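See below for the structure under consideration.
Values quoted throughout were computed directly from the atomic coordinates according to the rules given, and no laboratory measurement underlies them. Model, not experiment: these values are computed from the prediction. Heads up, the Cβs are rebuilt from the backbone with ideal geometry, glycines too, and the neighbour counts pull from every protein chain shown.
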Amino acid sequence: MSVSVKFDSVTKVLGQARAVDNLSLDIGAGELFFLLGPSGCGKTTALRLIAGFYSPDEGRILFNNKDQSRVPPHKRNTGMVFQNYALWPHMDVRSNVAYGLKMRDVARSDVQQRVKRALEIVHMHPYAERMPNQLSGGQQQRVALARALVIEPDVVLLDEPLSNLDAKLRIDMRAQIKDIHRSIGRTMIYVTHDQAEALSMADRIAVMRRGRLVQAGTPRELYTRPRSAFVAEFIGGTNLIPGTLEDLGEVLTVRTQAGIVRAKNGVEGLASGTAVFCSVRPESLRLKPAAEPSAATLNELSAEVRSIMYLGDNEQYTLRLAESFFARAVEHNPTIRRAQVGDRLTLQFDPQAVMVLPQEELGD
């Protein structure tokens, strides 16, 4: 059975720091839910609060609206997958997966069936007799996942489970974990600092910063409609063009050092004269020769090419828009180079691609 998980104004103090600070968050039953943020933002502490390794100093943790705040870990029916796999080196794969069931005094006949099923789910049944040191990193991680699943938990908790794998294996494991989630239908809560991992896998994401929830939503919502400069920059990367909001209405007008920027999107509560950022994703910028005729419906800013990086499937440009302000543009599937370092050109982008956000201090 999957359960919903709720943080009800939860605070946890570790040392002198509020590792989790007044966190309120609802995670639906059966969701593949991500806690995302930079190192030290409180996401792993939040996961440990769900597992019962920590108790809240304030607030409550609820499963299906039942308070679990003082329930010990072994009575919460959660399964944990750790970053370092944590397999017993002296036990084979089958014994590692069976360990949690034996601790629960499950009948031997049931143990065999459940271990077999868990290994089949993660495609590791042919390796049941192998020792951990005979497995690749990806295989060890799948065994760790089977060990969490075999106890039939209400909630599966994953603490940066792919961080020790190489890039190609991480991509393969993302697809496998999504498939496993679909097949078992359990609530899965996944901690990571990897934005691509969260965007490609999650049903919903909670972005955390300094112990607090910044914004929660689907990957598409967070990417296309961030409510802060921090989220815009952290989720996928963006250009934050500083300026002053001049006109409000159907189209927002922002005066920047590089020129006037018009935008169709902005957060609520902005006022004329406010210091703002215009958030524009690198893939939304089009490079065109400076002499090419202007398009009245698009934003156009003058830019100088400062560097070019060719990466095969895309080419990345660093551009100077003003004396001390730079932007990034990405051209996908480049067949020819559009410009050379030192060229002057026009940076063109649609007002619909601009999100106006309040200026704020960035960094962790």
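For Gly237, nonlocal amide neighbours, meaning residues 5 or more places apart or on other chains whose placed amide H falls under 5 Å from its own, do not occur. Compactness ratio for segment 1-135: Cα radius of gyration over 2.2 N^0.38 Å (N = residue count) comes to 1.24.
Rounded to the nearest 20 debye, the dipole magnitude of the chain is 1100 debye, with +1 charges on Lys and Arg beta carbons, -1 on Asp and Glu beta carbons, and the Cα centre as origin.
Quick one: pull the percentage of alpha-carbon pairs in segment 238-358 with a separation above 24 Å. That tail contains 25 percent of the Cα-Cα pairs. Have a look at the DSSP beta bridges in the chain and tell me what percent are antiparallel, nearest 5. Of those bridges, close to 75 percent are antiparallel.
Karplus-based coupling profile of segment 168-180, in residue order and whole Hz: 5, 5, 4, 5, 4, 5, 4, 5, 5, 5, 4, 5, 5, with θ = phi - 60° in 6.51 cos²θ - 1.76 cosθ + 1.60 and x standing for Gly or Pro. Angle of helix 137-149 to the longest C-alpha principal axis of the chain, folded into 0 to 90 degrees and rounded to 10: 60°. Given +1 at the Cβ of Lys and Arg, -1 at the Cβ of Asp and Glu and no other charges, the dipole of segment 84-238 around its Cα centre is 240 debye to the nearest 20. Counting beta carbons within 10 Å around each of Phe63, Phe234 and listing the fewest first gives the order Phe63, Phe234.
Ordering Tyr317, Tyr223 from the fewest to the most neighbouring beta carbons within 10 Å gives Tyr223, Tyr317. Enter the Cα centre distance for the pair segment 192-211 and segment 221-298, rounded to the nearest angstrom. First find each Cα centre; the distance between them is then 24 Å. For segment 238-358, DSSP calls about 95 percent of its internal beta bridges antiparallel.
Footprinting exposure proxy ranking of Thr45, Thr346, fewest other C-beta atoms within 10 angstrom first, gives Thr346, Thr45. Take the residue pairs Lys12/Lys66; Lys12/Lys43; Lys6/Lys43; Lys75/Lys102; Lys66/Lys178 and return only those whose Cα atoms are more than 22 Å apart. Distance filter (> 22 Å) returns Lys66/Lys178. Dividing the convex hull volume of the alpha-carbon atoms in segment 317-364 by its residue count gives 152 Å³ per residue. Using C-alpha pairs below 8 Å separated by at least 6 residues, the relative contact order for the chain is 16 percent. When the chain is described by a simple charge dipole with +1 on each Lys and Arg Cβ and -1 on each Asp and Glu Cβ, the residue from Ala263, Ala353, Ile235 located farthest towards its positive end is Ile235.
Taking only Cα atoms, what is the 0 to 90° angle, nearest 10, from helix 93-103's long axis to the longest principal axis of the chain? Computed tilt is about 70 degrees. Of the GluC sites (Glu not before Pro) found in segment 292-323, those that fall in a DSSP loop while having at most 15 other beta-carbon atoms within 10 Å are Glu323. The Cα trace of the chain gives Rg and Dmax of 24.4, 79 Å, the first to one decimal, the second as a whole number.
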